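This report concerns only the one structure given below.
The values are calculated or read from the model by the stated rules, or taken from the named source; none is laboratory data. Not measured: the values here are computed from a predicted model. Neighbour counts are summed over all protein chains in view; Cβ atoms, including those assigned to glycine, are modelled from backbone coordinates with ideal geometry. Each accessible area value is taken on the protein alone, full model and side chains, heavy atoms only, with ligands, DNA and RNA left out. Shrake-Rupley method; radii C 1.70, N 1.55, O 1.52, S 1.80 Å.
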Amino acid sequence: MTFTSGPVRVRVPATSANLGPGFDALGLALGLHDDVAAEVTAGGVRVAVTGEGAGELPDGDRHLVVTAMRAAFDVLGAQPAGLALECVNRIPQARGLGSSSAAIVAGVLLARALVVDGATRLDDAAALRLASELEGHPDNVAPCLLGGFTVAWTEPAGARAVSLPVAAAVRPTVFVPGERGLTSVARAALPATVPHGDAALTAGRAALLVHALTADPGLLLPATVDRLHQDYRAAGMPATAALVSALRAAGVAAVVSGAGPTVLALSEVPAGFDAGTDWRRWELPIDVSGARVARGRLGHAERDPVAAGRKS
């Protein structure tokens, strides 16, 4: 196996998963990005982080991008002597916007790009399977890789996904709190079983949500009704649950973003709606391209830790 000379870089989007009834299956790529560059070196691991998580994230091999790179290099056939990484993070950490999935996807794609025939050794389908294994489920890594609105599922051979075009009228808004959440804690709140009626209702709304997002956004409010996970998690993040309820009472198709605590609105938020000072409100476009890899170091625009064009 031959490593490439010089750096490569990747831009990875934030994601919102579940989207209400689409638990562990549906995801949406959002126009908020992390930029990461990597280069093979003679030895050691160096990681420089700017923006979200700077001074907090682990260094060296414990950094999640490096962990994902190491896993990908194992699949590709060899480990490099050393690595140097530069990360410009704009996706908030532990808020339900796919920061860990973005790091994993970045690592897998950077490792592949640093190998001369990496795309042959690890094709897109294999990259999705590996990223899903590292994350534990495919609903965030799928939109991060593919862009747009994705439906993901897992077969015996691993994760698979399809990306679908989103109706032009869908304009996501996220409400990001200062507090953090942990996916492991949110999952621990879920019961081992749910009533058959709740499962049936949620399955029907998930099917309707695919139609609403791709063809008829006017149905987003009823399509985002969920009885599988959000109510069970509400006690652990009461402010999030209250904001979702307030938005839905105002006619907005609002859901918990991923495992929370961020709230995602899929339909227009009334101009006078006030979420309070505890929330950062960002209007984000849908990222239709997914992760993008290029040669070279990060440029001036990529090094800007502020999300260009983000409304708040």
Across (1) over 17 Å from the mean Cα position of the chain (by Cα); (2) closer than 23 Å to A142 by Cα; (3) open to solvent by 40 Å² or more (accessible area, probe 1.4 Å), H300 clears everything bar (2)
Expected output for the stretch 239-253 (first residue in a loop (DSSP other than H, G, I, E, B), partner open to solvent by 50 Å² or more (accessible area, probe 1.4 Å) and of a type in the set (D, E, K, R), Cβ below 8 Å, 6+ apart or cross-chain) is V252/E268
The stretch 1-75: strands (runs of 3 or more DSSP E) wholly inside it with 1 or more residues that are open to solvent by less than 40 Å² (accessible area, probe 1.4 Å), acidic (D, E) and farther than 30 Å from A212 by Cα are 22-41
Filtering the stretch 186-198 for residues that are more than 18 Å from the chain's Cα centre (by Cα) and in a helix (DSSP H, G or I) leaves a count of 4
- Query: Being basic (K, R) and free of Cβ contacts under 8 Å to residues at least 40 places away in the same chain, is that true of even one residue in the stretch 7-15?
  - Reply: no
All-but-one check, V108 against (1) free of Cβ contacts under 8 Å to residues at least 12 places away in the same chain; (2) within 18 Å of V293 (Cβ to Cβ), failing number (1)
Going through the stretch 220-247 in order, the residues found to be surrounded by fewer than 21 Cβ atoms within 10 Å (Cβ to Cβ) and closer than 18 Å to L201 by Cα are L221, P222, V225, R227, D231, Y232
